[in-house]
1. Go over the candidates B:Asp24, B:Asp80 one by one and state the one that is charged (D, E, K, R), under 28 Å from B:Thr202 (Cα atoms) and surrounded by fewer than 17 Cβ atoms within 10 Å (Cβ to Cβ).
2. If you take the residues of segment B:28-41 that are part of a helix (DSSP H, G or I) and more than 14 Å from chain A (Cβ to nearest Cβ), which of them is farthest from A:Ala122 (Cα to Cα)?
3. Name the single residue, out of those in segment A:684-696 being touching a residue at least 24 places away in the same chain (Cβ under 8 Å) and within 12 Å of chain B (Cβ to nearest Cβ), that is nearest to A:Asn191 (Cα to Cα).
4. Criterion first (within 14 Å of another protein chain (Cβ to nearest Cβ), closer than 20 Å to B:Asp117 by Cα and part of a strand (DSSP E or B)) does B:Val188 satisfy it?
5. Using the structure shown, decide if A:Gly89 is surrounded by fewer than 18 Cβ atoms within 10 Å (Cβ to Cβ) and at pLDDT below 85.
6. Could you tell me whether any residue of segment B:199-206 is away from chain A (no Cβ under 14 Å) and more than 16 Å from the chain's Cα centre (by Cα)?
7. Take segment A:734-764 and flag every residue that is in contact with a Gly (Cβ under 9 Å, 6 or more places away or on another chain), crowded, with 24+ Cβ neighbours inside 10 Å and not in a helix (DSSP H, G or I).
8. Please state which one of A:Ser255, A:Ser246, A:Ser220, A:Ser289 is more than 26 Å from A:Ala116 (Cβ to Cβ) and either among the hydroxyl-bearing types (Ser, Thr, Tyr) or surrounded by 22 or more Cβ atoms within 10 Å (Cβ to Cβ) (or both).
Amino acid sequence: MGVEGIGARVLRKEDQRFITGKGRYTDDFNRPGQLFAVFVRSPHAHALIKSVDISEAKGCEGVAAIYTGEDVAEDGLGGLPCGFAPGGGPQNAPPRPALLKDKVRFVGDMIAVVIAESVALARDAAGKVNVEYDVLPSNTDTGKAMDADTPQLHEEAPNNVVMHWEIGEADPVEAAFAKADHVTSLDIINNRKVPNAMEPRAANAEYDAAADSFTLYTTSQNPHITRLLLAAYVLGISEGKLRVISPDVGGGFGSKIPFYPEEAVVTWACRKVERPVKWTSDRTEAFLSDTHGRDHVTKAELAMDKDGKFLAMRVDTKASLGAYLSTFGMLSSTYLYGTVLSGPYDIPAIHCKVSGVFTNTCPIDAERGAGRPEATYLIERLVETAARETGIGVVEIRKRNFIREFPYQTAVVLQYDIGDYDTTLELALEKADYAGFEARKKKSAANGKLRGVGFSTYIEACGLAPSNIAGAIGAGIGLYESAEIRFNPTGSVSVLTGAQTQGQGHETAFAQVVASKLGIEVDKVDIIHGDTGTVQWGHGTYGSRSLAVGGSAISAACDKVIEKAKKVAAHMMEADAADISFENGEFSVSGTDKTKTIGEVILTAMVPHDYPLTDMEPGLDQRSFYDPANFTYPAGTHICEVEVDPDTGVTEVVRFTAVDDFGNVVNPMIVEGQVHGGVTHGVGQALFEKALYDEDGQMVNASYMDYIIPHADNVPSFDVGYTNTPCTHNPLGVKGCGEAGAIAAPPAVINAITDAIGVRDLDMPATPQKVWDTIQANGTAKAAQ
Amino acid sequence: MYETKYHRASSADEAVKLADSADDGQFIAGGQTLIPTMKQRLASPSDLVDIRNIDAMKGVNVEGNKVTIGATTTHAEVADAPQLQAVCQGISDLAGHIGDPAVRHMGTIGGSVANNDPAADYPAALLALGAEITTNNRTIAADDFFVGMFETALEDGELITSVSFTVPDKSAYSKFPNPASRYAMAGVFVAKGGDGVRVAVTGAGSDGVFRHSGMEEALDANWSADAVAEADVDEAMMLSDIHGNAAYRANLVKVMAKRAVAAAG
């Protein structure tokens, strides 16, 4: 299976439909007789609702129904559940009704829904819903959210504090800092990002009165979790009475993990109006209400001895969670953050404190990397700054501190199974021609440009997650994955997976796993996902888990298939099953020249005319539930070179080298696409992106006229390479690659800019104005040195 | 978008009549500003009069040293016209860098000029080239046409049919694009012709496109990038927003002016 199996650059099966416009997204589905929902959203960031008058709107043409927060409360519709609450301290989790009746807490909060015959008519009527507000002062500054005079969002959360969480031991850290020869300290803001999925969210719900059951088409990265939360916690019905379908999903980046109030409202309402109800977000709603990511204010310190050996790290973070707790909002700023603070370094003592706070902003949830970019950014900024301060050098300081013995127990819970950080660093240095940097810098200077180089030697914890760990740290769900392999008599197979693609190429990569395991051509393997009505169970796609966990489930199911197929083959060849071996799609009897192909075995099992029916059931279908033993730990070295134009402050990323250890690679072409996209994502955070709220809580850049996302001309052609230490605990030896670029790139870019312009501190995003200001403040003479 | 009535005119006179007879008629050419505004329900014309099928309002014509560009000529057509590239590379380059390919194949010079967005590119070119804007009933000098931010000398119902200018000796445009929208945060068009040097600035001014007399005088005396560097750009006249404050924009105006002069040769 060399041309199609694991390791082959198989063209993506799904691209034919995507690039010819044949993809089917939630908004492409229309149900007979459907109505359209438009939500009445708060224009204020913080206000009491004095009254909601729907009388004029109700009389508008085409209006079928209008529901308000009062209706939701009267019907006893459950609030939105929070799927994760970290242990170790109190969590002040206030309720979050699907529609508000008393108070609004961010611009975009929902007060009412208008359901009408068309979107335009619903919008007309929505404009006539009269809401009287008593506007309150807002709290939009994460750093000041806990201050005594800051406006408070929820009664349940005094001083806007959701939780104080910590990891690691404080005493050894304090002791290490007391005896340190050098301490590097940075104040860091990790900028709030808008996820910007190309496909806006949408939901279309239908109620079947005869079956007393619902079907919801929705844009979800994890339809089974949406079903669980919506059925069991919001509607109060059995999960079997709700089918959730997520067809093609056009990007998520984490923002389609959470369960949203719009999904709750259209599903609840479709039974009341007795017709399907469809809602599709417009781009402004997407900016305002798709969960945002990051938004940390941190003080980070690194203690070293005189040789530059790291002794301890101390981190104190204020993390905004937005106006409400999103489904997994607290996970990103706690366990996905504090546990990776050791990076690839041997740091004997680490202590991290996080205060989760409410602000009058869009709720926070996972965004590509989710916690690990925030951690990696501060580690790599600290390490690079320490290297410059001490004069040890940015490469040398890493070499002095890399972990080299595995398994390695970090000071922050995780135990790394394997890695080889020196090899990735050396390969990256070579590919990036680091030795030639000074010459390139001189050349740039001759053209009036300031050239700088920055490193990021990152590690991430992926492949979420061992369920026992997930449970121990506060998750309300397990995090295993499932797979089912179903055979057709003529040898093709359907593979049902609980992973849910948003464009990552599962239909190809998973088929390659099956091709390698069973010797069945990729074209004969159909991957089925995204429908709770057909797929047995699943936890979805995020945390670079789909191949490491979902792919491993497929692999395990294939093993079960092979085990049974050997018995069938043994019957066919009149041999003992113990003597049957299987390779490249062929069963053979050891010591003989007898063979049977997998196709012949499938046919025999599916059409059991000559089959040991008294000993075995017909068929070969198998199902597996795979729960990982540990996280996976992809790691790598990213090297960024920039040229800064001192006249305008424009930063151009002129060279970017990414050498990653993703373990075994199933499809290098797909992986490279993920790296390119991830790095571009990271460049976006470093140079351009920030959700800007003014002091009244208005998001002032809620459109592409003002919110900057990276364009193709903002990134160079990437130089990508691999090293490989296969994961020790999953059957494929894979680690995951989807988030690496977004995790690794931001510090590499900022380290490069600070190198170029000769400054120590520079917050993201490094916009032209900010870089120009920094150069002005520090003097161009210094910058030119 | 609210409901609207669509008309297609085949002559300028017909277009003017159609718009005039409507409750709230608007001309539409490429619709690159009007359509998004309507989609956001910030504009709701009762009638739209499409002027893209009026043959007399299309195309780039160079006769002797006079350039005439029909109002509905798209940015792509302006950028790609070889006869224009031969005589005024500055405006060809400008047109070739407006928005993105989709915008350039829909948006028109007349639409851009009539809208007079303070960050649009064409107003800088027309002002620096000393162009004339011809409408269905008169010809207006660019100096009189661009009144202020989104404001022009156009009367209600008046339709731009073409713009024209005399070929300059030298010209170039240098733009610092807003990293989000790619509109100009500071765009400077310099032109040297029989009447001397004209320098027009778009994107940066707090009241729309303007001429910079200090730079014009400096360049009249000494046509060089260094001469521009000495000129004073008044921060008080600059826009300030989330992408750049007045001090930064004042700096960009100088830098873009220097680069434009250098590019013009």
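1. B:Asp80
2. Top of the filtered list is B:Leu34.
3. If we filter segment A:684-696 for residues that are touching a residue at least 24 places away in the same chain (Cβ under 8 Å), which is where we start, we get A:684-691, A:693-696.
Remaining after also requiring within 12 Å of chain B (Cβ to nearest Cβ): A:684, A:687-691, A:693-694.
Details: A:Gly684: 11, A:Leu687: 11, A:Phe688: 10, A:Glu689: 8, A:Lys690: 6, A:Ala691: 8, A:Tyr693: 12, A:Asp694: 15 Å.
Result: A:Lys690.
4. Details: within 14 Å of another protein chain (Cβ to nearest Cβ): yes; closer than 20 Å to B:Asp117 by Cα: yes; part of a strand (DSSP E or B): yes.
In short, yes.
5. Considered against the rule, which asks whether it is surrounded by fewer than 18 Cβ atoms within 10 Å (Cβ to Cβ) and at pLDDT below 85, A:Gly89 comes out as yes.
6. Looking for residues that are away from chain A (no Cβ under 14 Å) and more than 16 Å from the chain's Cα centre (by Cα), one finds at least one in segment B:199-206, hence yes.
7. Listed by number, the residues that qualify are A:Val734, A:Lys735, A:Gly736, A:Cys737, A:Gly738, A:Glu739.
8. Going through A:Ser255, A:Ser246, A:Ser220, A:Ser289 in turn, just one is more than 26 Å from A:Ala116 (Cβ to Cβ) and either among the hydroxyl-bearing types (Ser, Thr, Tyr) or surrounded by 22 or more Cβ atoms within 10 Å (Cβ to Cβ) (or both): A:Ser255.
The values are calculated or read from the model by the stated rules, or taken from the named source; none is laboratory data. No experiment lies behind these values; they were computed from the predicted model shown. In this analysis, Cβ positions are derived from the backbone assuming ideal geometry, glycine residues included, and neighbour counts consider all displayed protein chains.
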